[in-house]
1. Out of all the residues in the range 408-421, is one or more out of contact with any strand residue (DSSP E or B) (no Cβ under 9 Å at 6 or more places or on another chain) and either open to solvent by less than 70 Å² (accessible area, probe 1.4 Å) or more than 30 Å from E562 (Cα to Cα) (or both)?
2. Considering the range 38-71 alone, what residues qualify as being modelled with pLDDT under 85 and either part of a loop (DSSP other than H, G, I, E, B) or more than 16 Å from S5 (Cα to Cα) (or both)?
3. Which condition number in (1) out of contact with any Asp or Glu (no Cβ under 7 Å at 6 or more places or on another chain); (2) in contact (Cβ under 8 Å) with a residue 12 or more places away in the chain; (3) surrounded by fewer than 22 Cβ atoms within 10 Å (Cβ to Cβ); (4) under 19 Å from F93 (Cβ atoms) is the one that S5 fails?
4. What is the one condition in (1) polar (S, T, N, Q); (2) closer than 21 Å to A123 by Cβ; (3) in contact (Cβ under 8 Å) with a residue 40 or more places away in the chain that Q335 does not satisfy?
5. Considering each of K35, K22 in turn, give the residue that is open to solvent by less than 20 Å² (accessible area, probe 1.4 Å) and either assigned to a loop (DSSP other than H, G, I, E, B) or touching an Asp or Glu at 6+ places or on another chain (Cβ under 6 Å) (or both).
6. It is to be established whether one or more residues within the range 173-192 are out of contact with any Pro (no Cβ under 7 Å at 6 or more places or on another chain), among the β-branched types (V, I, T) and surrounded by fewer than 19 Cβ atoms within 10 Å (Cβ to Cβ).
7. If you check R341, R348, which single one turns out to be closer than 28 Å to W85 by Cα and out of contact with any strand residue (DSSP E or B) (no Cβ under 9 Å at 6 or more places or on another chain)?
Amino acid sequence: MADPSSYRPKPGQIPDSPGVYKFRDEHGRVIYVGKAKSLRQRLASYFQDLAGLHPRTRTMVTTAAAVEWTVVSTEVEALQLEYTWIKEFDPRFNVKYRDDKSYPYLAVTLNEEFPRVQVMRGAKKKGVRYFGPYGHAWAIRETVDLMLRVFPVRTCSAGVFKRSAQIGRPCLLGYIGKCSAPCVERISAGDHRELAEEFCDFMAGRTGAYIRRLERKMQEAAEEMEYERAARLRDDIGALKRAMEKSAVVLADATDADLIAVAEDELEAAVQIFHVRGGRVRGQRGWVTDKVEAVTTGDLVEHALQQLYGEEQGDAVPKEVLVPALPEPLEPVAQWLSHRRGSQVSLRIPQRGDKKDLMATVGRNAQQALALHKTKRASDLTTRSRALEEIAEALGLDSVPLRIECFDISHLQGDDVVASMVVFEDGLARKSEYRRFQIKGRVGDEQIWHGQGQDDVRSMHEVTARRFRRYLQEKQRSGEWTEEPADDAHVEADGPMEPGAGRPVDEDGRPKRFAYPPQLVVVDGGAPQVAAARRALDELGIDDVAVCGLAKRLEEVWLPGEDDPVVLPRSSEGLYLLQRVRDEAHRFALRYQRTKRGKRLKASPLDAVAGLGDTRRQALLKHFGSLKKLRAATVDEICEVPGVGRKTAETVVAALAGAAPSAPAVNTATGEIIEDDGAPPAALSAERGQER
């Protein structure tokens, strides 16, 4: 536990201006990011008597080992920079809302020649129109199924679309009238785009005028005694009304607004958002967060606004945002929202009428979400805590291993030897910390073995030594968490910092990867692998990291220097956690090994030719038919290929002359020799059984 006075800035050193500040721990990791109208006043509040601080704030300042800041021009810039740094550093003491799932959207790909209606998740793409989010993907499909009767927009994938165009026949939807079949030119690209835009207008809430127009057409058809067309229009109107009924009117004045409600207790908070467009609820989503810092309801609302609109632009930010409490101060947040929309955004608390009633409904949803989360998490958190305690007891550790790293070796009969490192923190996988290694047979500048053949023990020694040598390098490097002197750890800027500014980096500019040590190292294997990992740590002088191994056959836990393994009960939560860690390391290593082997099998002598890209490489193989015929060609013959000049042709001839021809491929079913066609033979499926 650090003493905040040991890293407190000198009096008068902190500027009295807007800015963003970061607290870092002893390993240089950013643990908290905050913004302030006056950096001097805000930072001074952290360096008072510890007894007067909120318990969570007290934990943060005693965990930290340094503080630094960046001066900006306005509070709006401070808000933007704070959001950028929270996204980049993922500080443990900041409020971070967690989606319990990836919400699906109804998307229309207006960036394509023939727009497509589909379900999309994940990051939003430019040129795609989104509606939602929806609670379930099936809700989107039900809506689309009803809408396609009136708006027969393409819904097929690119592959299906291309195939239908090649054979001249549409898919089933084209035959039953739920697709206008642009693939076979039943409709022009312009008319199909107009149809997609009408679909978007209807989904955006402009429904009344369109339905009235269909009703007029139905009446005209009936008057002209075109009863079949009138009946079809009647059914179309019914389908649209059923689609509209799925999102009931909640605000009679056709308002576009987002309503945000918060339910909280001392430890956690749940946020629910209703997206209202055209007076109808078009989407709903929710988040839950741990209150690891002392925050008010207004602070939670501000963090939710950053999460909602930090990556949005234009109409994705509504004209009106209704909240249960206003952030303090309000003006910078309102200006930031208006800047992201491009026009004025109203941020307020509803006081009366339908909007207040709807806010109460959103609040009830937030309360239910918090109660459900607590019910789920109670067992989950208890299970993880019990698992860590059982591991600590079984291995004789002084404290529970909050950070566990596991190493595994993978190869195929001694070839393509690789290793993986996975990280679990507080019993949960932290995939951003995963690392992978190519086994080289050396540690630093020291050659320890030739790296050929199957030797898991030496490979485990190498990968463990390499990981912790990097850790020692980061630890011993002066100015570990800042490029400025430790007593003047700040950066001044006239405007917002660029993303990535101030992040710990290596000498080559890459982010630090091995700066944080684990409490426990788990290796996939038995006593020999454990001994190799322990020997690597001892050679580096590291004695505060525990090591164990988990053998696959009997799921025994091996400790360094012990003749007999530790046998945990099969029902043990600790054993189950170790198995999850080991299996995840094995999966990650195996995937890397297969990728590496696949690249090697697909390698060609043409890959090493400088200046020869994929297009010209394919052109050469297509022109000559095979690599064998290309190897026999002259410079003049190669120059006949479009786009290949004499200099490139000479380089190709020299490269192929220096490359030894590969052994002929053999068809294992017939025994015949397959002619070299420029592509290596596919790996036999039996290889999978030899993978480690």
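1. Pass one, the range 408-421, residues out of contact with any strand residue (DSSP E or B) (no Cβ under 9 Å at 6 or more places or on another chain): 414-415.
Filter once more, so that each one left must be either open to solvent by less than 70 Å² (accessible area, probe 1.4 Å) or more than 30 Å from E562 (Cα to Cα) (or both): 414-415.
Yes: the range 408-421 contains one or more residues that are out of contact with any strand residue (DSSP E or B) (no Cβ under 9 Å at 6 or more places or on another chain) and either open to solvent by less than 70 Å² (accessible area, probe 1.4 Å) or more than 30 Å from E562 (Cα to Cα) (or both).
2. The first filter runs over the range 38-71 and keeps only residues modelled with pLDDT under 85, leaving 48-59.
Within the range 38-71, Q48, D49, L53, H54, P55, R56 qualify.
3. (4)
4. Of the numbered conditions (1) polar (S, T, N, Q); (2) closer than 21 Å to A123 by Cβ; (3) in contact (Cβ under 8 Å) with a residue 40 or more places away in the chain, the odd one out for Q335 is (2).
5. From the options K35, K22, the qualifying one is K22.
6. Kept after step one, since they are out of contact with any Pro (no Cβ under 7 Å at 6 or more places or on another chain), are these residues of the range 173-192: 173-176, 182, 185-188, 190-191.
From what's left, among the β-branched types (V, I, T): 176, 187.
Still in the list and also surrounded by fewer than 19 Cβ atoms within 10 Å (Cβ to Cβ): 176.
Looking for residues that are out of contact with any Pro (no Cβ under 7 Å at 6 or more places or on another chain), among the β-branched types (V, I, T) and surrounded by fewer than 19 Cβ atoms within 10 Å (Cβ to Cβ), one finds at least one in the range 173-192, hence yes.
7. Result of the check over R341, R348: R341.
Each row is one residue, and each column tells you yes or no for (1) part of a helix (DSSP H, G or I); (2) under 17 Å from R193 (Cα atoms); (3) among the basic types (K, R); (4) at pLDDT below 85.
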position	(1), (2), (3), (4)
K125	no, no, yes, yes
P133	no, no, no, yes
A139	yes, no, no, yes
D145	yes, no, no, yes
P152	no, yes, no, no
K162	yes, no, yes, no
R169	no, no, yes, no
G174	yes, yes, no, no
G177	no, no, no, yes
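The values are calculated or read from the model by the stated rules, or taken from the named source; none is laboratory data. Given the structure is predicted, the values throughout are model-derived calculations rather than measurements. In this analysis, Cβ positions are derived from the backbone assuming ideal geometry, glycine residues included, and neighbour counts consider all displayed protein chains. Ligands, DNA and RNA are stripped out before the accessible areas are found, and what is left, the full protein with its side chains, is counted by its heavy atoms. Shrake-Rupley method; radii C 1.70, N 1.55, O 1.52, S 1.80 Å.
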